[in-house]
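The values are calculated or read from the model by the stated rules, or taken from the named source; none is laboratory data. None of the values given here were measured: they were computed from a predicted structure. When we count neighbours, we look across all protein chains shown, and the Cβ atoms used for this are built from the backbone with ideal geometry, even at glycine.
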Amino acid sequence: MAIVIDPISPVAFSVFGFPVRWYALAYIAAFVVGYVALKYMMRSPRAAVKLTKKELDDLLTWLILGVIIGGRLGYVLFYNLPVFIENPLEIFMLWHGGMSFHGGLIGVVVATFGFARRWMRGLHILDMLAVVAPIGLFFGRIANFINMEVMGRPTDSWLGVIFRGISEVPRYPSPLFEAATEGILLTVIMFCLYRWTNLRKYAGALAGTMAMLYAIFRIFCEQFRAPDAQIGFLTSWGLTMGQLLSGIMFFCGVGLIVLAMRRGKKS
């Protein structure tokens, strides 16, 4: 029997009449927790690169811009370009929803190298970000579930969820699957790899590993997630846009690991 849930308001609370949404809180939590985790990692003697507090603050600013701009442009280009061509002002209306993880990832990469200015330093920073980034994915997917976004495909299994008054069709709670795999599980794996392996000594290896593992988890979870309504399946056998982009991401991760191993240990 499916689980029946009352819809949750996308607005967490209001401040002087200004609505504060769960999605915004998810982003804030992601950046705050990620910043604290990154600061902790920087203090460790095993850190391949050290940043001062000012540099860390500057990096956070770069990353916020990279995530927001990249995530939005990724959604515009990959998921809904015709609509935004007809209504270009919608691009700036972030409160209407629409962010792409893959676009945000590209934004983070560009922001990191824009901050680092040097190739090897940028790769080492990306490696550390690869360890803390899944934390943000967890918060983002929880917000997706609260907002009833990117929900799953219809199902008759006991895992089905019905949002009372919204739809009587049980669906997989796919954002929770992604929160568990792309968020919690990936965080644990990346922390273990950083803490107990020598991958951190190879600039780019951890970032490449995270890219590969995320791609695997995302492709798996897309089996339970309904395709975007405006796109549907890309092929007759059920390929989704998320799977296509994740497949490209997987091979980019492989390439990054190969490059890291060829360069050898450098700090």
Members of the stretch 143-175 found to be of a type in the set (A, V, I, L, M, F, W, C), crowded, with 16+ Cβ neighbours inside 10 Å and assigned to a loop (DSSP other than H, G, I, E, B), listed by number:
Met148, Val150, Met151, Leu159
Scan the stretch 236-256 and tell me whether some residue there is surrounded by fewer than 23 Cβ atoms within 10 Å (Cβ to Cβ), in contact (Cβ under 8 Å) with a residue 12 or more places away in the chain and assigned to a loop (DSSP other than H, G, I, E, B).
yes
For the stretch 177-202, which positions are within 20 Å of Val150 (Cα to Cα) and free of Cβ contacts under 8 Å to residues at least 12 places away in the same chain?
Ala180
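Within the stretch 217-235, how many residues are assigned to a loop (DSSP other than H, G, I, E, B) and within 16 Å of the chain's Cα centre (by Cα)?
Of the residues in the stretch 217-235, the ones assigned to a loop (DSSP other than H, G, I, E, B) are 222-224, 226-235.
Checking which are within 16 Å of the chain's Cα centre (by Cα) leaves us with 222.
Looking only at that region, the number is 1.
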From the list Tyr23, Tyr27, which residue is within 28 Å of Ser246 (Cα to Cα), aromatic (Phe, Trp, Tyr) and modelled with pLDDT of 90 or more?
Tyr27
Going residue by residue through the stretch 90-98, is there one that turns out to be under 16 Å from the mean Cα position of the chain (by Cα), within 29 Å of Leu256 (Cβ to Cβ) and modelled with pLDDT under 85?
yes
Any chance the stretch 65-72 includes a residue that's touching a His at 6+ places or on another chain (Cβ under 9 Å) and over 26 Å from Leu185 (Cα atoms)?
no
Got a number for residues in the stretch 69-78 being more than 16 Å from the chain's Cα centre (by Cα) and surrounded by 18 or more Cβ atoms within 10 Å (Cβ to Cβ)?
1
